[in-house]
Amino acid sequence: MTDYTDKIKEIAKRLLAEGKVDIVIGFRKGTLPMMNQPHVAASAESADELIWDSSCGLNLANYLTDKKGKIGIIAKGCDSRNIVTHVIENKIQRDQLYIIGVPCTGMIDHHKIKAMFDQEVRNVDESGDQITISGDGFSKTVSKQELLAENCAVCTHRNPVIYDELAGDLVTEQTNVDPYASVKTVEALSADEKWRYFEDLIAPCIRCYACRNACPLCYCPTCFVDESRPQWVGKSQDTVDIRTFHLLRAYHCAGRCTDCGACERACPMGIKIREFTKKLNKDCLELYGWEAGLSIDQRPPLDTYKNNDPQDFIK
Amino acid sequence: MKNLLEHTGIESGRLHFSWISSAESTKFVDVVKKITAEVKTLDPANKKYVKTEPKVA
């Protein structure tokens, strides 16, 4: 995907020069390998810093909330779905945006790559679908398919759903994947086993809230975890508090989560936080036939009422 | 709501939803009786769901 870089730079410079946008939101090279930083380019020089590779996993829609002026934004499939969600939720107007669509072939999982080696990974190079990982005294080339982040490996919306211009040709969508395989495994367990599964899953959590900060859905001015009057959730490392935080965070994403995986990517402890939201995504699909962020003309299931809404749980 | 809680390991008899009008006192009593009966068959909640003694002060 590195060949998108030149096209992205060219489009960004053109838009800025023509005055069509005030800023272009994209990525630039990070100071550490696989850690590209979100970058706001306001001039041709800073647009030169824009890049694109398989480590652009964070969700750029996160930087749109309540922005003023005309904005150019680079959007892969999941970003574009979150942009749609932002437009639906009135956090940005569609006519403020110039969306540069990037058909995506998946992002690599830095947790997975770091776990493959004992030494520190110093450099990650990409050429076609081969990724070369190197460091002090070692170098290994692996097929990108094996390194994909879990959400990218089962992604069925790789092409942007909304865009004004494309930075490359549309890619074929994956059809032979089951996005909810991991949820089904957990569903098959007993209540006690499920409890233990999630207990182990969130055990390393340090309550840093990086998952919340990386999430484009989490834009409340004051998050419920930071409120003190009333204090909705305990602030300790007690397992009950940790679980309460994760459950509530997930519920706030119900019917809105696009499974972009920004939360997992941002997690310093490598927790599979998506296990919570995936279940809600699966429920939304099964109960309402809804996948978030596919169309700006459709209201989400949780803010519409239909006579045939499922209500078997109300006795 | 019920689905995810149960998915994370909360027993299915612990969470109940009901629609009761303020005029339906008998229905309210019936529902509460049914719920308490059902919840009593489960393990005591303080085993998992209640912070009896915080692990971190």
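The values are calculated or read from the model by the stated rules, or taken from the named source; none is laboratory data. All of these numbers come straight from a predicted model, not from anything done at the bench. Quick reminder, even Gly has a Cβ in these numbers, built from the backbone with ideal geometry, and neighbours come from all protein chains shown.
Values for this structure:
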read-out	value
Subset tally (residues that are among the β-branched types (V, I, T) and more than 24 Å from A:K7 (Cβ to Cβ)) for the stretch A:111-165	7
Condition check for A:Y251: within 18 Å of the chain's Cα centre (by Cα) and surrounded by fewer than 16 Cβ atoms within 10 Å (Cβ to Cβ)	yes
Qualifying residue in the stretch A:270-278 (condition: modelled with pLDDT under 90 and under 29 Å from A:Y197 (Cβ atoms))	no
Filter result for A:H39 (part of a strand (DSSP E or B), under 18 Å from the mean Cα position of the chain (by Cα), surrounded by fewer than 24 Cβ atoms within 10 Å (Cβ to Cβ) and not aromatic (F, W, Y))	yes
The stretch A:98-111, residues that are more than 18 Å from A:D259 (Cα to Cα) and surrounded by fewer than 23 Cβ atoms within 10 Å (Cβ to Cβ)	A:Y98, A:I99
Yes/no for B:L5 being touching a Gly at 6+ places or on another chain (Cβ under 8 Å) and free of Cβ contacts under 8 Å to residues at least 60 places away in the same chain	no
Evaluation of A:V171 against (1) surrounded by 17 or more Cβ atoms within 10 Å (Cβ to Cβ); (2) β-branched (V, I, T); (3) under 22 Å from A:T5 (Cα atoms) (one fails), failing number	(1)
Which numbered condition A:E275 fails, given (1) free of Cβ contacts under 8 Å to residues at least 60 places away in the same chain; (2) under 20 Å from A:A149 (Cβ atoms)	(1)
Selected residue [of a type in the set (S, T, Y) and surrounded by 19 or more Cβ atoms within 10 Å (Cβ to Cβ)] from A:T244, A:T277, A:T222, A:T239	A:T277
Helices (runs of 4 or more DSSP H) completely within the stretch A:229-308 that count 2 or more residues being within 14 Å of another protein chain (Cβ to nearest Cβ)	A:239-252, A:274-288
Residue in the stretch A:205-219 that is surrounded by the fewest Cβ atoms within 10 Å (Cβ to Cβ), counting only those that are in a loop (DSSP other than H, G, I, E, B) and away from chain B (no Cβ under 14 Å)	A:C208
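Okay, residues lined up against (1) touching a helix residue (DSSP H, G or I) at 6+ places or on another chain (Cβ under 9 Å); (2) at pLDDT 95 or above:
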residue	(1), (2)
A:N82	yes, yes
A:I99	yes, yes
A:D118	no, no
A:Q130	yes, no
A:D136	no, no
A:D178	yes, no
A:S182	yes, no
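For (1) at the interface with another protein chain (Cβ under 10 Å from one of its Cβ atoms); (2) assigned to a loop (DSSP other than H, G, I, E, B); (3) modelled with pLDDT under 80; (4) farther than 30 Å from A:K282 by Cβ, each residue gets a yes or a no:
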position: B:L4; (1), (2), (3), (4): yes, no, no, no
position: B:R14; (1), (2), (3), (4): yes, yes, no, no
position: B:W19; (1), (2), (3), (4): yes, yes, no, no
position: B:V31; (1), (2), (3), (4): yes, no, no, no
position: B:T36; (1), (2), (3), (4): no, no, no, yes
position: B:L42; (1), (2), (3), (4): yes, yes, no, no
position: B:P54; (1), (2), (3), (4): yes, yes, yes, yes
